[in-house]
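The values are calculated or read from the model by the stated rules, or taken from the named source; none is laboratory data. The shown structure was predicted, so the numbers you read here are calculated from the model rather than taken from an experiment. Don't worry about glycine lacking a Cβ; one is built from the backbone with ideal geometry, like all the others, and counts go over all protein chains shown.
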Amino acid sequence: MTFADEPISKNGLEAEEQGNYPTAFGITFTPQVSGIALAILGVLGAVYILANFVMPAYQNYQTLTTDEKAKEDQVNQQKSGVIEKKLQETETKLKQAQNLKSEVLNLFSSQATLDTLLIDINKFVASKNAKLVNYKPQGNEATIVNDGSLGTLVNNKLKRRTINLELEGTFEQTQSILRDIERLQPLLLVKNISSKMTVSPFVVLPNPKTKQTELISLPSMLKTTLTLDVVLPLTPEEAAAVAQPPAQEGQQQQKS
């Protein structure tokens, strides 16, 4: 048997196979060794990326999230303070409006004023020695103002009772009576004043010095007509009826 025909030993085959793979630092990089090395390198690379890129980015994200939440809390506190302040201002304005409404309503005439108006005017006329010729209310009750005659802003918010007066007296008497009427209530409106002079009265008196009679003129008499508007606030029931929609009001009338 020749040398070439001798069988190759197992160790010889392994040595021959290892000679076909690269070697570095005394390590032969067989497929198994190469796989392990690559796996280790992958783990090390992942750790490096995690430590140098992912973790700083995550920490930065956490910082931004914390800052954002703190700013949101601050903004919410500021908003809460602003809203509370606005609520307080609104409540203050509402109270001021209610007080102003009460003061304004006190300026108007009342039903009691209307009920005693004839008595009051009679007193004024009698105290000036004048004459009340006519006292005539228009209609049976006060009517709601909706014609803009007192301003469009008070339409359907006030009512008015109109009274026609006729007086007879001297200029001074008439002037004094009108002043008394105007002072009766701040919103008792006097309008449509018209005066006409009647025949000037006179008296015949003897003159002791001349022993003759003389004509003495008396103050001229005026016949004055005027209109009084007694302005009243609506009652709560009247205000509710005016504010009621027409359709709903019609339904209630049908039910009644």
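Miscellaneous remarks
- Identity of the residue in segment 145-162, modelled with pLDDT of 85 or more and outside any loop (DSSP other than H, G, I, E, B), that ends up surrounded by the fewest Cβ atoms within 10 Å (Cβ to Cβ): T152
- Hey, N122 at pLDDT 90 or above and outside any strand (DSSP E or B) or not: yes
- Inclusion of E103 among residues that are assigned to a helix (DSSP H, G or I), over 30 Å from A142 (Cα atoms) and at pLDDT below 80 is not warranted.
- Count of residues meeting criterion [out of contact with any strand residue (DSSP E or B) (no Cβ under 8 Å at 6 or more places or on another chain) and among the hydrophobic types (A, V, I, L, M, F, W, C)] in segment 127-181: 2
- Candidates are the residues of segment 191-227 that are touching a Leu at 6+ places or on another chain (Cβ under 6 Å) and in contact (Cβ under 8 Å) with a residue 40 or more places away in the chain; the one that is surrounded by the most Cβ atoms within 10 Å (Cβ to Cβ) is T224.
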